Structure formats: structure tokens, C-alpha cells
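The structure under discussion appears below in the form of C-alpha cells.
The values are calculated or read from the model by the stated rules, or taken from the named source; none is laboratory data. All values reported here derive from a predicted model rather than from experimental measurement. Cβ: placed from backbone, ideal geometry, glycine included. Neighbour counts: every protein chain shown. Quick note on the areas: whole protein, heavy atoms, side chains included, nothing else; ligands and nucleic acids left out. Shrake-Rupley method; radii C 1.70, N 1.55, O 1.52, S 1.80 Å.
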Amino acid sequence: MAEEKSQASSSKMLTLKASDGVLFEVELNIAKEMKTVQAYIDDCEDIETIPIPNVLGKHLAIVIEYIKKTNEEYDAEFEKQWNMDDLQLLLLAANYLNISGLQECLCKAIAKRIENKSPEYVRKVFNIENDHSPEEEAKLRKEYKWAFEGVDKD
Amino acid sequence: MSLRSIVRELKEMRDGIGNTSRRGAGSRVSQRRTKSHIVPDMTLTSLEPIQQGQWANIPSELLLDIIRRVEETETSWPARAVVVSCASVCKSWRAVTKEIVQTPEQCGRLTFPISLKQPGPRDSPIQCYIRRDRETSAYLLYYGLVPSENETDKLLLVAKKLRRATGTDFIISLVADDFSRSSNTYVGKLRSNFLGTKFTIYDSQPPHGAGIPPKSTRSSRRFHSRQVSPRVPACNYIVSTITYELNVLRTRGPRRMNCIMNSIPVSAVQEGGTAPTPTSFPEITDEHFCSASAPALKGKGPVGDLSNSTLPVQEMPVQSQGPVESLVLKNKSPRWHEQLQCWCLNFKGRVTVASVKNFQLVAAVEPSHNVSAAEQEKVILQFGKIGKDIFTMDYRYPLSAFQAFAICLSSFDTKPACE
């Protein structure tokens, strides 16, 4: 412990504990990219293990990897690997941990996946229920017919 | 309270909750604020890791971010249809999408069908073209400068010409395969008199803000105040009357157009003025049709005689400042070009074939109206031929696409008596 303290602060290590108990040792400067964690550290300086109660180990690993490697090229390839469920959970993780760069990257990716898609497709892929009333539905059908007239179906 | 102690507390609560549904658990966690810099919203997520299929529950600021990116990326048609998709997914997506999308006046883009009933931008026109299909007597309005090579242009409105004993009707619809007046794709119509010198534009909804249904014994005047869209009887409301007159030079000079915009006050072109901007189509209550004038505006200028119609004229209850004056549009006078020996208007490249149908409309105002010179110069509607059966139509504030289209249709129907 004493040895670690005498080294430069950038190599101080921190442990993050995911919701399923998986532990990650990260450098302080990496952890600080997560503003939520930063706030935690500011609040209790001596902390060594920080619980991340609603992010699974699998996703926390991806988030940490992102922070370490992020650049334009990496980001462009990053979002292609994940299916919609993972994207959603990663987005919620990025939002909770308050990592603006990752949040932006994921929002962009999700927006791109909606391009040229019908509402039925969006509902299916995002697993959303259509909660419009029958009257509203009739109105929407008119809008839809007009918007998609002549456009190829997905 | 420190973040660490909150987490500890929540952990204890989670252990105690056991098999309760995750949604329920999430909402039962009480909100506590601490003095920490940034407190994550614990109530947003349940204490268990988020499970699949909960997009409906993602925080609204994330949904806003995603949909905003979609809207900002897909600015042109046909890709822009995705914005309409987003607005159809579910109630929360619709609310967010409607919040993001601006009117054509604000952003110069057409998004929902209602965009066609809203005024265009002030600074530069929205550019469209009309294709005439002689076989089906249809007129199709597309968004775009000129027909594109691959025919992917967005179809905006379609008009079908119907000859009657006493004149002609152009029925205007959102789609090409349905011109029924009881359909929810019916937008309005243009009706001409027998001679083709006088036209009336009817809208299927009253001007925004009027809110008063026309007098009719057959309609049921039910207003559901909770609904955003007013329920109105299926009716036709006059929004404009157009007259064509021969030039003093008869057939050798351009004809004169006069459009009284019953639904747009002259204040719309004055400093700080606005034009009616409906935000949704109304819901039609019943199938009986009646006709009435838009509860509104006294027109100025040669109204001529409308006795060929048997319309009950309903006037709006007079406002405290008295009845409101309508905006009148007239066509810009062409100049005689001595060398070319023809009448010329500067269409800025948007019209390439000479035709008596070509015109430019500007506001007809008097000094007492206090309309700036710059505003008076603005060409509010420009229409002209660029090829066989293809015409360009450029419109801007305070006209909407629907009004502009209907005015242009009148140019197709004027008779030799006028040419």
C-alpha cells in the first residue's frame, strides 16, 4: 500500500465491482472518465472498491475497454459489434456512469440503426409495445401512408 | 448523505425485496439527494441489472438525444420518412418526436402531413414541381427542384380534376389512390365557376384558432376539450377566392390574378406578424357535408359576386379590434421586352418555357398597411412551365403548400375567355 502511494497518482489503481460481482482493476485516470465514479471518489477519498450496482460485468468490461481505446477509428468500428440489446444496456451504463463520449457514440449508433425503418421494425427491435388508441392509430396510418408512399419497404 | 451510504442502503433494500417485479422495485426506491457533486438517478433503473426489452423505459433525455440525431441526419426525402416512423412507435416516442420537429417556417423542411398546411419559410421558398397526368386528369405535387432521374421524389399532394355541369372541381388528397371526401386523406378542393374566371379554395379544416364550426343544422357540435385536435363536422371552409381578369390588351397581354386569402390576415406580412399554423388535422365527426366560409376575415378588393354559390357565410365573432382584413395577393406585372417582343418575368431560372400560365404572386398592399418595401418585393408564390406537363412551384411564407398548390391548379383551368 505504502509503495503504491509513493508512486505517481496516475498509476493508482481502483477496483470497480459490477452488479454480478465481477471485479475490475483500473487505473485512476481511466476510472475518472466515469463522472459518476469521479463523484464517488471525491466523496470518499480512501475508497478502494467502488460498487457499480446496475451494470453487468460483461458491459462494464466493454465500457472500460472503450475508455482506454477511444478514438475516431475505434469508435466507428466499436458500435458495429453489438446487437440492439447490448447497445441498450451499454447506453444505460454510459448514462449511469456519466461518460459523455460513450453516450454520444452509442446514441449515434442507435440513430443509425433506425434509418429507413418502419415503426413496426422499430417496435420489434426495441421491444416496445404500441400503446396508441384505435383512434390515434387511424391518424397514424394516414401519416404513415403519406410518408412512405412510393418508398421501398424494409 | 454520501453516495456510499445510499448504495449500501439500496443494497439492503434489494436483498429485502426478493422476487418483486423489477419495474415495481425501481419505482419504489425513494429519492434521496446528497451533497455529492453528481448524484446518479437511482430511481431510473431497478436494483437488478437492466433486462432486455425495456426501451420504453429509457430516460427521456436519452430518447430525445437519439431521435434528435435521427431528425438532424435525415433532412431530405425519402429518408425523412423515418421521423414519421419514430412518431408512430408509441406515445412517448411520439411526444418526443413532435417536440423536436420544427415547422417549415422555422426550419424549411417538410416532415408530417400537417407541414403541408403550415406556412413556408420567410427567407427563401420551398421548391416543388407539379406533374400533370392527362390520362387520369390528375396533378401531382412533388418536393424537389425538378423531377429526379430515379423518380424517388416525395409525393406531397395529388389533385383530381372533375368536371361538373357548372364548373370544375379539383379534389386534393394526400395520396394518389383515394379522393373520397370522407377519407382522412382528403385535404380540400378547388372549385371553379363555369367560365373559369373565378375560383374558390376550400379546406377540410377551419383556420387554426377559429375553433368555431360553421352553422349547420346537420352537424353535431361536439367539442372534446381534452383532445388536442378539435372535432369538427366534415365541412369545407373557404380559405381563398381567386379571380382572373383579362388584361386591357385582351389576348395580347398577360391576365390579372387576384387572390383574397380569407384565412390569412394582412398582419401576417406586417412587422412581427404571424400566419395561422395548424398543428394537427382535426377529427371528422360525421359524414354529412356542409359548406361555409371560414369564420374570419373580411376580404378587401374585388370580391366579385359569389352568388353562384349557396354558401351560408359565417363570420367570426368580432374581435375587440373589429373584423380583420385579409391578405390579398396579385400577380407581378411582366415587363415588355422590346427586343424579344414578349412579356418577361424574372423567374430566376426556375421557369424555362413561355406560357400564359406562368405567374409570380406578391402581396397587394396599400401604404396604410405599413408593409415594408422588402416584404412587398417578396415573391410569395411562383409557378411556371419547364417541360411538357411539368411545372415548378416555389412557395414561401405566409402560404402553405396546400394553398400554393390550389392556387396553381387554378392556372390550369382558366378558359380561352381569359386568354
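Express in whole angstrom the spacing between the alpha-carbon centres of segment B:149-172 and segment B:70-147.
Comparing the Cα centres of segment B:149-172 and segment B:70-147, I get a distance of 18 Å.
Take every Cα pair under 8 Å in chain A that's 6+ residues apart, average their separations, divide by the length, and report that relative contact order as a whole percent.
Numbers: 130 pairs, mean separation 27.6, N = 154.
For chain A, the relative contact order is 18 percent.
Quick one: ranking A:R141, B:R181 by accessible area, 1.4 Å probe, largest first, what do you get? All intermediate terms of the calculation are to be shown ahead of the outcome.
Values: A:R141 145, B:R181 95 Å².
Of A:R141, B:R181, the descending order of accessible area is A:R141, B:R181.
For a quick check of understanding: with a 1.4 angstrom probe and all protein chains in place, what accessible area in square angstrom does B:I386 have, to the nearest ten?
50 Å²
Whole-Hz Karplus ³J(HN,Hα) for segment B:349-364, in order, using 6.51 cos²θ - 1.76 cosθ + 1.60 and θ = phi - 60°, x for Gly and Pro?
x, 8, 10, 10, 10, 5, 7, 5, 6, 5, 7, 10, 9, 10, 6, 9
Of the cross-linked pairs A:K12/A:K80; A:K32/A:K108; A:K142/B:K378; B:K98/B:K378, which ones have a Cα-Cα span greater than 27 Å in the structure shown? Before the final figure, lay out each step's value.
Details: A:K12/A:K80 33 Å; A:K32/A:K108 23 Å; A:K142/B:K378 34 Å; B:K98/B:K378 30 Å.
Among A:K12/A:K80; A:K32/A:K108; A:K142/B:K378; B:K98/B:K378, the Cα-Cα distance tops 27 Å for A:K12/A:K80; A:K142/B:K378; B:K98/B:K378.
My understanding is that a pair violates if its Cα-Cα distance is over 31 Å; which of A:K68/A:K112; A:K17/B:K91; B:K154/B:K385 do that in this structure?
Flagged as over cut-off: A:K17/B:K91.
Kindly report, to the nearest 10 Å², the accessible surface of B:S372 as traced by a 1.4 Å probe over protein heavy atoms only.
So the heavy atoms of B:S372 present about 60 Å² to solvent.
At most 14 other C-beta atoms within 10 Å and a DSSP loop state: those are the exposed GluC sites (Glu not before Pro) I care about. Give me the longest piece of chain A that has none. If you can, show how the numbers build up before the last one.
On the way: sites that count: A:E45, A:E48, A:E115, A:E129.
The answer is A:49-114.
With a 1.4 Å probe and every protein chain left in place, tell me how much accessible area A:V125 has, in Å² to the nearest 10.
40 Å²
Using each residue's phi in segment B:108-123, evaluate 6.51 cos²θ - 1.76 cosθ + 1.60 at θ = phi - 60° and report the 3J(HN,Hα) Karplus result to the nearest Hz, with x for Gly and Pro.
x, 10, 9, 10, 9, x, 5, 4, 6, 9, 9, x, x, x, 7, 7
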